[in-house]
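A short worksheet on the structure shown next.
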Amino acid sequence: MSNKITLTGIKPSGTPHIGNYLGMIRPALELAKEYQAFYFIADYHALTTVRDPETMSELTYDVAATWLALGLDPDQVVFYRQSDIPEVMELTWILACFTAKGLLNRAHAYKAAVDENVEKGLNPDQGINSGLFFYPALMAADIVLFDTDFVPVGLDQKQHIEITRDIVQAINSTYGDVLTMPEAVIREEVMTIPGLDGRKMSKSYDNVIPIFAPSNQLRKSVMRIVTDSRRPEDPKDPETDNVFAIYKHFAKPDDVARVEKGYIEGGLAYSQIKNELYELLEGKFGEARERYGQLMGDKTYLEQVLLQGAEKARKLSVPKISKVRSALGID
Ligand code: TRP
């Protein structure tokens, strides 16, 4: 195993769905076999939008239970909750002082919120909290606090890693080699998992298939995936079909090839592939769903896992922040 560090944050802002699984959870579990992994629940990031205490704590446990149920081993991975690491906050301020404001003005999420206001003829900053503005600086702190080498993320987070790199560059060029330069790891092949309506699977479109939906709900979701109206005997296009776009990530290569052929030649009904997809998902997540249910019923255990993770993380974050402070002359 390499001693390079991989780190990623999971925002507790919705129940994890199979788009999250393919785009993030599965690659992250793979990377953890190869590198020293730091995976955390980014509750401070979620605080830019979540406004209900019960939702916040429930979603935090939901994310923790999901990752554990899917096989994350807390003895092998440092698995923690962001808000349990006070050094993250300290470093956020330090980094903010080296972050060009113009860079944050251009950050996608903030800029989109401003643009939306302008479009509606409102004050540009209407309803926008400063947390959203500083979001990229907080994320940079998450990353550099642990000398991260690789950050597995979705394409939507690429800009944040670029901002982090700019900040690292700014600090290192002034103070020497204080921070490690991180690199984004983006999996192109799982970038766009379509949701039920064919748009990117996303909580904000309400088109997700939750990983741990009960069987009957899972079946219903799969049956609702939008297809065109070609009949069973008609040839179909595997490139553009939403069912196939999900199916190909779960099925064995032989089956993918068989179904692809069936599409092109005709004779394969969408309902048949939907059934196969449902069976695959049930087979893949059925057992983990049981574990997930047990974990969600044992918050004391989840809390204990997260606190133990934080303890491990702080063994590194405490010395790191003191190194940074002393480089800056504020120790
Ligand atoms: N902003 C990320 C998202 O919304 C979550 C996140 C927070 C993160 N801190 C991070 C990801 C650090 C990678 C590294 O998905």
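The values are calculated or read from the model by the stated rules, or taken from the named source; none is laboratory data. Please read these numbers as outputs of a predicted model, since none were measured by experiment. Cβ atoms come from the backbone with ideal geometry, glycine included; neighbour counts cover every protein chain shown. These area figures cover heavy atoms from the full protein model, side chains too; ligands, DNA and RNA do not enter into them. Shrake-Rupley method; radii C 1.70, N 1.55, O 1.52, S 1.80 Å.
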Placed amide H near I10: partners under 5 Å, 5+ positions off or other chain
F40, I41, A42
In region 54-131, what trypsin sites (Lys or Arg not before Pro) fall in a loop by DSSP, with at most 10 other Cβ atoms inside 10 Å?
K120
Given labels modelled 7 Å from the Cα in the Cβ direction, how far is it in nm from E287 to R106?
4.9 nm
Qualifying aspartates and glutamates (Cα of each under 16 Å from Cα of K200; at least 8 residues distant if same chain)
D156, E188, E189, E239, D241
Place a label point 7 angstrom from the Cα of S202 along the Cα-to-Cβ direction, then list the residues of region 93-121 whose backbone nitrogen is under 20 Å away.
105-120
For the chain, which whole-number percentage of the solvent-accessible area (1.4 Å probe, protein heavy atoms only) is attributable to carbon and sulfur atoms?
50 percent
With the crude spin-label approximation of a point 7 Å out along Cα→Cβ, what separation in nm comes out for N172 versus D52?
4.4 nm
Average projection area in nm² (convex hull over Cα atoms of region 1-134, one quarter of hull surface):
9.9 nm²
Using a Förster distance of 35 angstrom, determine the FRET efficiency expected from the C-beta separation of E116 and D234, and round it to 0.05.
0.25
Could you work out which residue, out of P194, P235, P182, moves most in a Gaussian network model of the chain, that is, has the largest mean-square fluctuation with Cα springs under 10 Å?
P235
Region 92-144: chymotrypsin sites (Phe, Trp or Tyr not before Pro) falling in loop per DSSP and having at most 16 other Cβ within 10 Å:
none
What's the local net charge at K11, with K and R +1, D and E -1, over the other residues with C-beta under 13 Å away?
-2
Which residues' amide hydrogens lie under 5 Å from the amide hydrogen of H17, considering only partners 5 or more residues apart or on another chain, with H built in the peptide plane?
I211
Please report the relative contact order for region 122-180, taking Cα pairs under 8 Å with a sequence separation of at least 6, and give it as a percent rounded to a whole number.
36 percent
Roughly how many debye, to the nearest 20, is the charge dipole of the chain about its Cα centre, given +1 on each Lys and Arg Cβ, -1 on each Asp and Glu Cβ, and no other charges?
160 debye
Ignoring everything except DSSP H segments at least 4 long, calculate the 222 nm mean residue ellipticity for the chain; use -39,500 (n - 2.57) per segment, divide by total residues, nearest 500.
-17500 deg cm²/dmol
Cα convex hull of the chain: mean projected area in nm², to one decimal?
18.9 nm²
Taking Cα atoms of region 123-175, Rg/Rh with Kirkwood Rh, to two decimals?
1.05
If one compares the long axis through the Cα atoms of helix 253-265 with the longest principal axis of the Cα atoms of the chain, the angle in degrees, nearest 10, works out at 50 degrees
Between region 19-77 and region 146-167, what is the C-alpha centre distance in whole Å?
17 Å
Between E287, E87, E116, find the one with the highest GNM mean-square fluctuation for the chain; connect C-alpha pairs within less than 10 Å.
E116
Can you give me the C-alpha center-to-center distance between region 185-227 and region 80-104, rounded to a whole angstrom?
33 Å
Return the Cα extents of region 227-302 along principal axes one, two and three, sorted largest first, each rounded to a whole Å.
54, 25, 17
Once you charge only the Cβ atoms, +1 for Lys and Arg and -1 for Asp and Glu, what is the size of the charge dipole of region 185-331 about its Cα centre, to the nearest 20 debye?
820 debye
Length-normalised contact order for the chain - Cα pairs under 8 Å, 6+ apart - percent:
22 percent
Which angle from 0 to 90°, rounded to the nearest 10, does the C-alpha axis of helix 299-328 make with the longest principal axis of the chain?
40 degrees
Note: T300 to E162 extended length (0.36 nm per residue) minus current alpha-carbon separation gives 45.9 nm
Is there a pair in K120/K274; K4/K323; K33/K158; K203/K274; K111/K323; K4/K252 whose C-alpha atoms are over 29 Å apart, and which pairs would that be?
K120/K274; K111/K323; K4/K252
